[in-house]
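Please read the structure below before turning to the comments.
The numbers here are math on the coordinates, done by the rules we state, and not lab data. Keep in mind the model is a prediction, meaning the values are calculated, not measured. Cβ coordinates were reconstructed from backbone atoms using ideal geometry, including for glycine residues, and neighbour counts include every protein chain displayed.
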Number of protein chains: 4
Amino acid sequence: MATVERGYTATKEQLLARLRRVEGQVRGIERMVESDRYCIDILTQISAIQAALDKVALGLLDDHARHCMHKGAETGQAEEMTTEMMAAVGRLMKRG
Amino acid sequence: MATVERGYTATKEQLLARLRRVEGQVRGIERMVESDRYCIDILTQISAIQAALDKVALGLLDDHARHCMHKGAETGQAEEMTTEMMAAVGRLMKRG
Amino acid sequence: MATVERGYTATKEQLLARLRRVEGQVRGIERMVESDRYCIDILTQISAIQAALDKVALGLLDDHARHCMHKGAETGQAEEMTTEMMAAVGRLMKRG
Amino acid sequence: MATVERGYTATKEQLLARLRRVEGQVRGIERMVESDRYCIDILTQISAIQAALDKVALGLLDDHARHCMHKGAETGQAEEMTTEMMAAVGRLMKRG
């Protein structure tokens, strides 16, 4: 199956499903804060969200590297697209 | 003002406000994916969420270091609480 | 044994041993670049160094949280030391 | 100038110069540990090294994306090289 071979690539539906799960996790943290849950437990949940977002980001990057860059090669924009991709990787490594 | 001096510490209301903003940002990304927005723009938004979550996490850690540990000192749990805090920092640095 | 219980804490000798190993790893990467080794292999080594440095950093943070802050409590500097510690955690999360 | 346009790309000499500087920074930290310097100052130096290593890594990734992948396109290995690159980005984001 392509998804497995490609590692991080996800379909649009898979991406949306992951993002909806992240949205639910954020709401879960809001409830934890509201009910004064122990801060360490909340931090564990935040780390889980960061990991989930990293996975979404890697899926998008993988997609960019494969599809957008192919298209870029045809239209002569590959150079510019690589520059954009590297800037995005740099922001992800520094988180914003 | 205490908040400024303390750097990352936030009140419960400030934390909730930040989390609701993060929730809105995640929904914004869902809409971007749905409307096939350019992947690099979506990645920029993900980095912004990661940065916002890092800020929430630092606020909670700061609070843990100050208040929970004080309480821990009184109840003899400071050692254990520091161990938990370091494990949380380690997870945040590795993101999950 | 204290080291095990405390998780990340290391003696001065252990810290120095880890740092010398990191120094050797950096020299190893220099040799890889000099001999035009495949970039992905070099990146894997860089990630290994990052992980090793994170471990050193967590050891120092743990030590700071336990010993320096105790001393700070005695001398009334705990507040300031926590602020410094949180700023350091923030820099580590953003990597500089 | 190509280096500026390309963002992160560096020549072999520039990469080696950066790595030697990192090596010197690691030795500097060893001396700080040996002379019992304040842990927060050491942590600041570690963050500086992580940032320098991130820059080296981004330079190598950029180079991989541009040159290796071009070569991969010619030899039919582009798919495999993108998979390797994404795995490397994933490790860098998680730091090892």
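Shielding value for D:30-39 is 4, the average number of Cβ atoms from other chains within 10 Å of each residue's Cβ.
Note on the protein assembly as shown: Rg/Rh from C-alpha atoms, Kirkwood Rh, equals 0.99. Helical runs assigned H by DSSP (4 residues or longer) give chain C a calculated mean residue ellipticity at 222 nm of -26500 deg cm²/dmol, each run adding -39500 (n - 2.57) before division by the residue total. Can you give me the Kirkwood hydrodynamic radius for chain B, using every pair of distinct Cα atoms, in Å to one decimal? Its Kirkwood hydrodynamic radius stands at 15.3 Å. Label-to-label distances for residue B:96 across copies, nearest first, come out at 1.8, 2.1, 2.6 nm, using points 7 Å from Cα in the beta-carbon direction.
A Gaussian network model of chain C, with springs between Cα atoms under 10 Å, assigns the largest mean-square fluctuation among C:22, C:56, C:33 to C:33.
Axis of helix C:12-34 versus longest Cα principal axis of chain C: the two differ by about 30°, to the nearest ten degrees. Each Cα pair under 8 Å and six or more residues apart adds its sequence gap; the mean of these over the residue count of chain D is a relative contact order of 29 percent. Put in line by how crowded their Cβ is, counting other Cβ atoms within 10 Å and starting with the fewest, D:79, A:74 read A:74, D:79. Largest mean-square fluctuation among A:20, A:66, A:37, in a Gaussian network model of chain A whose springs join Cα atoms under 10 Å apart, belongs to A:37.
Compared with the dominant principal axis of the Cα atoms in chain B, helix B:39-63 is inclined by about 10°. Highest GNM mean-square fluctuation, chain B, Cα pairs closer than 10 Å: which of B:40, B:29, B:49? Looking only at B:40, B:29, B:49, the largest GNM fluctuation is found for B:40.
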